[in-house]
Amino acid sequence: MTKNNLLSLVGAVLLALPLAALPQSPEQLVERYTALAGSKQNATSLVAGLRDGREVTLTGRTGSETFTPPTGKMGYGNVDNALALAEASLKEQGITRPTPLQLERATMQILGRRADGMGWGEIAKAQGFTLGEVKRADRAAPERAASERVARVERPIKPERPEKPERPERPEKPERPGKGR
C-alpha cells in the first residue's frame with residue numbers, strides 16, 4: 001500500500017468516527033464553554049472543578065458564586081455532558097448569558113441528578129430533550145431544537161388501498177365446431 005493510500009485510509013476512518021468519540025481536552029472544553037460561563041476564568045474553574053471534584057468559583061457583574069460538585073471527580077466527557085445539559089436547560093428558559101447564580105443553579109441541578117444515579121440520557125429526558133439534541137455535532141441551539149420538537153408533525157397515516165374491483169368472470173369459450181364429443 002502506498003503512503004498516500006494509507007493516509008487516505010486513515011483519514012477516512014477518522015472522519016467516520018462520531019465527534020463524541022474524539023478525545024476532549026480541558027482547553028477544548030474551556031473554549032467551548034467560555035461564552036456560557038461569561039469568561040475564560042469562569043470556564044476554567046468550571047472544567048477544572050468538575051473534573052477534579054473540587055470547588056468551582058464563578059465571578060460576574062452581580063457577584064460571585066462558589067459550589068462544590070456533588071458528583072466527585074468526572075472524566076472530560078462527563079464534564080462536557082454536564083455543561084452541555086446545563087447550557088441547554090438555561091437556553092430552554094430563554095437565558096443565553098446567565099449570571100453566576102443562574103449557571104450554578106443549572107449546573108447543580110444536573111449534577112445533583114447525576115449524583116443520585118441518573119444517566120445522562122435520563123437527565124436530558126427529565127429536562128425535555130434528548131442528549132443527542134444537546135450533543136449534536138453542529139451544536140444546534142437548544143431553542144431551535146425545542147421549536148423543531150413543537151413543529152414536528154407526526155407522519156400522516158397512509159390511506160388504505162382501495163379494494164380492487166372484482167374481475168368479471170371470463171365468459172366460457174364457445175365450443176369449436178368439428179370437435180367431437
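No lab work stands behind these numbers, since they all come straight from the coordinates. No experiment lies behind these values; they were computed from the predicted model shown. Methodologically, a virtual Cβ is constructed for each residue, glycine included, from the backbone with ideal geometry; neighbour enumeration extends over all protein chains shown.
Side notes on the structure shown:
- Boolean, SER89 is within 20 Å of the chain's Cα centre (by Cα) and either over 19 Å from LYS135 (Cα atoms) or among the polar types (S, T, N, Q) (or both): yes
- Residue that is surrounded by the most Cβ atoms within 10 Å (Cβ to Cβ), among those in region 87-108 that are of a type in the set (A, V, I, L, M, F, W, C) and without any contact (Cβ under 8 Å) to a residue 40 or more places away in the chain: ALA106
- Residues satisfying the stated conditions in region 122-139, i.e. part of a helix (DSSP H, G or I), within 9 Å of the chain's Cα centre (by Cα) and more than 21 Å from VAL47 (Cβ to Cβ): GLY132, GLU133
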